Amino acid sequence: MAKTLAPVSKPKKKRLSRAEKAEAARRAAELERYGFAIGDISSAHRPNRFFLCLIRALLIFMASFGMIGALVSSFGLPFSMPLTILGLLVLSFLSAFLYYNRISFYLGYITVFAGFVFFSVNFYWYINSGYQAFMNEVFNSYSDYFRLLSTREAQEFIEDRYLTVTAAMIFMGWFYSILLNITISGYMNLPATFLITFIPLQIAFYVDKVPPLPYLCLLLASYISVGVLGRSGRFTLPYRHEKGKTFNIQRSKKGNRYVYLATSNGMLLVSVYSVLLSSVSLS
């Protein structure tokens, strides 16, 4: 008996999304205009979004805690080291993971802003007293340095500086983690990162106050990491990027630029070497 062959089913065509259709149209226009079009570019290194956000969070923490800790310690103010480190680490992670995906990006900023307002309102007197304690010490140092007779003593509503200064540091760390998330996670911009973290330290440097070495090592390591990663061009991690893609297309009127996405191993090595280099340089 003759065997009947089963009909071969044709593979279903994949339905293209709006973005894929637009990209196909752009490539067709490039092919018609220039005679060639660049197709998909692949790389052996797949971006691990969780690990990349984790490294960015550590860079944000190094810059924010390095600056705030250096400034407060320069004037001898007491604060809770474990609580401050824990608070700034959590805030740095929350800020960095806003770029994890589209949902976290759109909803994360609203959540972070709501939490910032809640913390500011409920711990206002602690934050205010910690700020006044810092300003009192700054004014006393400047009075001694310039040999001024006038004194300034702002009222501290809560006298326990150990608590108030810690609350003020966490408040400022929250604010700086949002700013540094833009300069580091978004653009890996060294000049902007340097300006917003190094300029406040001039308050201490101006009266010959030298911050403790560990804080300066953290700051210098963050500068080196941001500078190297920014120049390498391997830090890009768009929140809208499709899973599995290893490059990003930046289109403009001048032309197209194909940028490879960040590699977790590369960012980790740059961060580790930056910490070692800063420690050796400042020791």
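The values are calculated or read from the model by the stated rules, or taken from the named source; none is laboratory data. The model shown is predicted, which means the values in this text are computed figures rather than measured ones. Note: ideal-geometry Cβ built from the backbone for every residue, glycine included; neighbour counts use all protein chains shown.
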_Lone qualifier among 116, 79, 139, 61 - being part of a helix (DSSP H, G or I), out of contact with any strand residue (DSSP E or B) (no Cβ under 9 Å at 6 or more places or on another chain) and either of a type in the set (Lys, Arg) or at pLDDT 95 or above (or both)_ = 61
*Mind counting the residues in region 91-127 that are loosely packed, with under 12 Cβ neighbours inside 10 Å and under 30 Å from residue 162 (Cβ atoms)?*
6
*Quick one: would you say residue 31 is in a helix (DSSP H, G or I) and either surrounded by fewer than 15 Cβ atoms within 10 Å (Cβ to Cβ) or modelled with pLDDT under 90 (or both)?*
yes
*Do we have residue 220 as buried (at least 17 other Cβ atoms within 10 Å of the Cβ) and within 25 Å of residue 142 (Cα to Cα) here?*
no
_Hits in region 116-149 - residues which are within 22 Å of residue 175 (Cα to Cα), without any contact (Cβ under 8 Å) to a residue 12 or more places away in the chain and not aromatic (Phe, Trp, Tyr)_ = 117, 121, 122
*Given the residues 178, 170, which is the only one that is of a type outside the set (Phe, Trp, Tyr) and modelled with pLDDT under 95?*
178
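This table checks each residue for (1) more than 11 Å from the chain's Cα centre (by Cα); (2) buried (at least 17 other Cβ atoms within 10 Å of the Cβ); (3) part of a loop (DSSP other than H, G, I, E, B).
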| residue | (1), (2), (3) |
| --- | --- |
| 155 | yes, no, yes |
| 159 | yes, no, yes |
| 163 | yes, yes, no |
| 167 | yes, yes, no |
| 170 | yes, yes, no |
| 175 | yes, no, no |
| 179 | no, yes, no |
| 183 | no, yes, no |
| 195 | yes, no, no |
*Going through region 169-195 one residue at a time, which ones are within 25 Å of residue 132 (Cβ to Cβ), among the hydrophobic types (A, V, I, L, M, F, W, C) and touching a residue at least 40 places away in the same chain (Cβ under 8 Å)?*
169, 170, 171, 172, 174, 175, 178
